[in-house]
Amino acid sequence: MGFGASVVVLALWRRLREEISLDRALTALAALFGVTTVACFWLMQRIPFDPFSLLANRWQLLFMPLYYLVISIPFFCSGLALALLFTRGSRQVNRLYAFDLVGAGLGCAAIAVVMPAFGGSGSVVVAAALGLLSAVVFGFRGTRGLATAAAALSLVTFMSAFFAERILPISITPNKQRPQSAPIYTAWNTFSRIDVYERPPNAETNAPAARRFVFDAGTAGTGINDLRPDVRDYLSRHTDDADYTSGIAYVGKQQPKILIIGSGGGQQVLDALHFGARDVTAVEINPIINEVVSSRMRDYWGDLFNQPEVRLITEDGRSYVRRSQEQYDAIISAHTISNAAIASGALSLAENYVLTREAFEDYLDHLAPDGVLYFTRPEAQLPRLFATAREVFAARGISNPSWHLYAYRYPPGQRRLSFSAGFLLKKSQYTPDELRRIETLLKASGPESNRPETLYSPLEPSDGGIYQTLVTAPDLHVVYAAQPSLVEPATDDRPFFNQHTRWSSLDLATVRDLLTQQKQGRFALEDRPVAEVTLLVLLAQSIFIAAVLILLPLARFSRARMRAPNRWRFLLYFAGLGLGFIMIEIALMQRYTLFLGQPVYTFAVVLANLLIFTGVGAALSEKFVASARQGLHVIVPLILLMLVMTAFLTPVIFSAALGWPLFWRVLLSIITLAPLGVLLGMPFPTGLRLASQEAQSLVPWAWGVNAFFTVIGTVGALMLGMAFGFRIVLTCAALCYLTSLAAMLTSRKPAISAEHEELQTDAAAPANLQVNAGTSAEASAAVLGVG
């Protein structure tokens, strides 16, 4: 929105567009970008915006637009600088556009280095320093004084990045629960902030000393009791099976081989050693946690992760399972969940590839004949686990897996459903004796008032219960349709396992309920449609604000310029490009997340390479200067062909190559991204050149419409992905490009009259604003570390 609004201002500000010194203007705008980046980041922390109180607190109606405005200001400054540069430098616009995209791609890759080194606040400050440095470059020839001031400010800003966490601390919403004491250690990587807290022993409650990891200031946590001086000594002093929470996975097993997905603080590793596991593979995606438990604080962990039986792997659990050639007696994943996406109030891509139907197939392939799969999740999610297990067993010829499954929950307290429940799947059938031993272990754990309750057991089948129905129903699709919530399995194409509310079930009462929660600990209620309502509200807000900032000013001040020939076809063309590009970008980020295994690789490899190859395509599109319209007849069909191949072939390729070593997966990712990226870089500059030649007054409209549909496409792509899967998102993107091509094919180059030439000259609109709003806005957000 900031980029889109900036080009509207440029279209209306004739003096800036034509008269003000280019060097002086670019220097000032780049310096403003640097200054406002820091200032707006500071101001953001002090606006008490709470999106879930919009209907309960009237002040939120003021805080919301203020918050959006503050976020947009740095992008407005940088967008205005780029738009001005591309307008004045129209002769070399393809080269400028290419360097813009390549630089954005390098910035995405740099996040992998900058955020761990400087943290969240420090990364924003580094971005500001780079903006000030560009002011030095722009002002070196003509505005030495301003350039010198920018150089000094850039140096000071960069040096302050080392202390930014103290100078510009990030405010934390009261909804998050975390210890009141100061953390003893804090570290950042590209996808999380990790704080380590120490809890001293409590003689009154008999609670032992412990250390705990807290994710993103309170959205999730994991930890362990003090294991000093040595884990073997600790195990010799604590011999009660009930003290080890995952003990039910070890029933009937002697010296088992164990895989733990999401080992975190190590409680399940400790359980495995207690129950005599001969081999323990602990897979944890967060490298900060692994460095703390195995090196930095290994003494507190009693060398737990350095025992001869234990291997600690830093990787996504699903990718590791696919790559593994071993079979395990138990695969364990205990409450590896986070509410970060929900607690932010903005819903990032909260996918979960560990719990898809394809993931269950992988687990069964890697379980020994009597192997067990053990998950703990919120109770609201257990029906989806049962449905997933039923479908996977059915695909293997087991139509009634009643004796393969077991489920329990801890008492839910005052909440409607329990936050802590367990799910067991055995590759072979459970025996009655094994099930009785499981129930004995559960009843012995914890105080009597908080002991687990059985939800499903083949020993005590219930009539009409959801679990019994899912296990025995002859037609699962009838069961799915009858349920008020989503029960059907998540898939790799539609990996939103945590989504439980149907879009069709949302109404105004649901929205009103969620937006009047204020600060009442709502995130503990796992059965609320937080994600769905958030996306609907974001979509409505995006449409309204983008229309106010982009379309309304153009309609108000540029109506007289809309008499250009083929105007609706041109506008439809740029709308299709904006909507199609952002859908492709989001779908590709989602697809490659599973394939590459870690968010840092997805960001550094996928988005960076997509932007770089898009820049290459923009540079190559200069070859179509003489025949831009004919060039589109080739470019857009090739994009459609590549999208079809991406939608239907890459899942097959990735499935076959998911077990490859990381280097080869990265190389394959680059190879598969390159052709599509190059092609995606061509339509926008080529089409905009046509607009400037045939209907110059439409150029600001082209930018504005493209930016508008990019903004709403960001949320729309997420909603489509959640409802239908990302293959459908790519298909919709292909339809958008097909619509753009049809619009351009049906337009014809007009015979320009002297009157029309005069109208174009008087319009003085910026010709050749060669920025794809979807590409550049996303890239700049990435460089700022807030994308």
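The values are calculated or read from the model by the stated rules, or taken from the named source; none is laboratory data. Keep in mind it's a predicted model, so treat the numbers as computed, not measured. Virtual Cβ from ideal backbone geometry, glycine too; neighbours counted across all protein chains shown. Note: areas computed on protein heavy atoms with side chains; ligands, DNA, RNA excluded. Shrake-Rupley method; radii C 1.70, N 1.55, O 1.52, S 1.80 Å.
Residue pairs, Cβ under 6 Å, 6 or more apart or interchain, first in region 235-260 and under 14 Å from Arg437 (Cβ atoms), second in a loop (DSSP other than H, G, I, E, B) and open to solvent by 10 Å² or more (accessible area, probe 1.4 Å). List them.
Qualifying pairs under 6 Å: Ala242/Ala444; Ala242/Ser445; Tyr250/Phe275.
How many of the residues making up region 223-248 are among the basic types (Lys, Arg) and within 26 Å of Ile288 (Cβ to Cβ)? Quick ask: steps written out before the conclusion?
Filtering region 223-248 for residues among the basic types (Lys, Arg) gives 228, 232, 237.
Still in the list and also within 26 Å of Ile288 (Cβ to Cβ): 228.
Qualifying residue count, region 223-248: 1.
Here is a list of conditions, (1) farther than 30 Å from Thr173 by Cα; (2) of a type outside the set (D, E, K, R); (3) exposed (fewer than 15 other Cβ atoms within 10 Å of the Cβ); (4) at pLDDT below 80, and Gly521 meets all of them except one; can you say which number that is?
(1)
What is the residue count in region 463-491 for residues that are of a type outside the set (Val, Ile, Thr), part of a helix (DSSP H, G or I) and within 27 Å of Gly721 (Cα to Cα)?
6
Quickly run through region 154-188 and pick out the residues that are open to solvent by less than 50 Å² (accessible area, probe 1.4 Å), of a type in the set (Val, Ile, Thr) and part of a loop (DSSP other than H, G, I, E, B).
Thr173
Do any residues in region 8-33 that are within 14 Å of Phe140 (Cβ to Cβ) have Cβ atoms under 6 Å from those of residues that are open to solvent by 50 Å² or more (accessible area, probe 1.4 Å) and not in a loop (DSSP other than H, G, I, E, B), where the two are at least six apart or on different chains, and which pairs are they?
Listed pairs, sorted by first residue: Leu22/Arg88; Asp23/Phe138; Leu26/Phe138; Thr27/Phe138; Thr27/Leu146; Ala30/Phe138.
Working only within region 205-234, note down all residues that are part of a loop (DSSP other than H, G, I, E, B), of a type in the set (Ser, Thr, Tyr) and touching a residue at least 12 places away in the same chain (Cβ under 8 Å).
Thr219
Residues that are at pLDDT 95 or above and outside any helix (DSSP H, G or I): does region 259-268 have at least one?
yes
Looking at region 249-268, which of the residues that are touching a Leu at 6+ places or on another chain (Cβ under 8 Å) and open to solvent by less than 10 Å² (accessible area, probe 1.4 Å) is farthest from Pro369 (Cα to Cα)?
It comes out as Gly266.
Mind checking which pairs have a first residue in region 566-583 that is closer than 14 Å to Ala742 by Cβ and in a helix (DSSP H, G or I) and a second that is among the polar types (S, T, N, Q) and open to solvent by 10 Å² or more (accessible area, probe 1.4 Å), Cβ under 8 Å, 6 or more apart or different chains?
Qualifying pairs under 8 Å: Arg569/Thr746; Leu572/Thr739; Gly576/Thr739.
Only one of (1) under 24 Å from the mean Cα position of the chain (by Cα); (2) closer than 17 Å to Ser6 by Cβ; (3) touching a residue at least 40 places away in the same chain (Cβ under 8 Å) is not met by Leu69, so which one is it?
Condition not satisfied by Leu69: (3).
Which of (1) out of contact with any Ser or Thr (no Cβ under 6 Å at 6 or more places or on another chain); (2) modelled with pLDDT of 90 or more is the odd one out, the single condition Phe360 does not satisfy?
Phe360 satisfies all of (1) out of contact with any Ser or Thr (no Cβ under 6 Å at 6 or more places or on another chain); (2) modelled with pLDDT of 90 or more except (1).
Yes/no per residue for (1) in contact with a Lys or Arg (Cβ under 7 Å, 6 or more places away or on another chain); (2) open to solvent by 40 Å² or more (accessible area, probe 1.4 Å); (3) among the β-branched types (Val, Ile, Thr); (4) part of a helix (DSSP H, G or I):
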| site | (1), (2), (3), (4) |
| --- | --- |
| Val93 | no, no, yes, yes |
| Ala98 | no, no, no, yes |
| Phe118 | no, no, no, yes |
| Gly122 | no, no, no, yes |
| Val126 | no, no, yes, yes |
| Gly131 | no, no, no, yes |
| Val136 | no, no, yes, yes |
| Gly142 | yes, yes, no, no |
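So how many residues does region 314-336 have that are touching a helix residue (DSSP H, G or I) at 6+ places or on another chain (Cβ under 8 Å) and open to solvent by 40 Å² or more (accessible area, probe 1.4 Å)?
3
I'm trying to understand the selection: among the residues of region 252-302, which are among the basic types (Lys, Arg) and under 24 Å from Val214 (Cα atoms)?
Arg296, Arg298
Which of the residues that make up region 372-387 are over 15 Å from Ser418 (Cα atoms) and not in a helix (DSSP H, G or I)?
Across region 372-387, the qualifying residues are Val372, Leu373, Tyr374.
crowded, with 23+ Cβ neighbours inside 10 Å, among the hydroxyl-bearing types (Ser, Thr, Tyr) and touching a residue at least 40 places away in the same chain (Cβ under 8 Å): is that true of Thr714 in this structure? So that I can check it myself, show each step before the final result.
Working: crowded, with 23+ Cβ neighbours inside 10 Å: no; among the hydroxyl-bearing types (Ser, Thr, Tyr): yes; touching a residue at least 40 places away in the same chain (Cβ under 8 Å): yes.
Considered against the rule, which asks whether it is crowded, with 23+ Cβ neighbours inside 10 Å, among the hydroxyl-bearing types (Ser, Thr, Tyr) and touching a residue at least 40 places away in the same chain (Cβ under 8 Å), Thr714 comes out as no.
What is the residue count in region 189-212 for residues that are open to solvent by 50 Å² or more (accessible area, probe 1.4 Å) and over 22 Å from Arg228 (Cα atoms)?
1
With respect to Asp195, is the statement that it is of a type in the set (Asp, Glu) and in contact (Cβ under 8 Å) with a residue 60 or more places away in the chain true?
Numbers: of a type in the set (Asp, Glu): yes; in contact (Cβ under 8 Å) with a residue 60 or more places away in the chain: no.
No.
From the list Leu442, Leu486, which residue is open to solvent by less than 60 Å² (accessible area, probe 1.4 Å) and within 30 Å of Gly252 (Cα to Cα)?
The unique qualifying residue is Leu442.
Tell me, which helices (runs of 4 or more DSSP H) wholly within region 1-83 include 3 or more residues that are surrounded by 19 or more Cβ atoms within 10 Å (Cβ to Cβ)?
2-12, 22-44
Among the residues of region 285-305, what is the count of those that are open to solvent by less than 10 Å² (accessible area, probe 1.4 Å) and of a type in the set (S, T, N, Q)?
Of the residues in that region, 2 qualify.
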